[in-house]
Amino acid sequence: GWRMKSLAGVAGWRGEMEEPISDLQEYRKYAAAGAVMPSGVLLCGPPGTGKTLLARCLAGEANVPFFSVAGTEFMEMFVGVGASRIRNLFKQARDVKPCIVFIDEFDSVAVRRADPASQDIQGNDEQVATINQLLTELDGFGGNSGIMVFAATNRPHVIDPALIRPGRIDRVVELPLPNRAAG
């Protein structure tokens, strides 16, 4: 299976991943005690850093199901399609939790919305509806505790701040390009 030891150059951030792995492995114990698991981790780094492989390996280490989707799959020209896809994804994840939901190209779905106080128009109705649904799912209510979201981007500066506030995707891990010496 997929394991962290099979990744090159993991020494620098292996320690940062021990807590999410433990949270997933011990989910039932935490849930029985009434604790809510952290919602997510933002994996940042240039293309080729192994963000997707890392998330898959974390699921292998924790021995939990792995759902993978690209952010671009949520964006359609019809309002409500992206939000519906997010609801369906999280419904599938709730059925098998604890699990990892991996969203690649996160910046394509989670780009910063316009400030309502300004006249600046950014995004569109579909994008706003999709982000709002994602925010609802990340809040952990309605049985979403036990679903850990790993989101990957090489453009963290464009992510909507509401998605990366405490209690949502609040841990940021910077991944450098792997090198042989670090392996």
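The values are calculated or read from the model by the stated rules, or taken from the named source; none is laboratory data. Predicted, not measured: the structure shown is a model, and the values here were computed from it. Every residue, glycine among them, receives a Cβ derived from its backbone with ideal geometry; neighbour counts consider all protein chains shown. In case anyone asks, the SASA skips ligands and DNA or RNA and just uses the protein heavy atoms, side chains included. Shrake-Rupley method; radii C 1.70, N 1.55, O 1.52, S 1.80 Å.
A few notes on this one:
- Straight-distance candidates among the aspartates and glutamates for linking to K91, with alpha-carbon spacing under 13 Å and chain neighbours fewer than 8 residues away dropped: E137.
- Within the accessible area of the stretch 25-74 (1.4 Å probe), percent carbon and sulfur: 53
- Distance between the 7 Å Cα→Cβ label points at V158 and A32: 4.6 nm.
- Taking 7 Å steps out from each Cα toward its Cβ at N63 and V81 produces label points 4.1 nm apart.
- Close amide H partners of F102, meaning residues 5 or more places away or on another chain with modelled amide H under 5 Å apart, are F67, S68, V69, F150.
- Only protein heavy atoms count here; under a 1.4 Å probe, T49 has an accessible surface of about 10 Å².
- In the assembled protein chains, K97 presents an accessible area of approximately 50 Å² (probe radius 1.4 Å).
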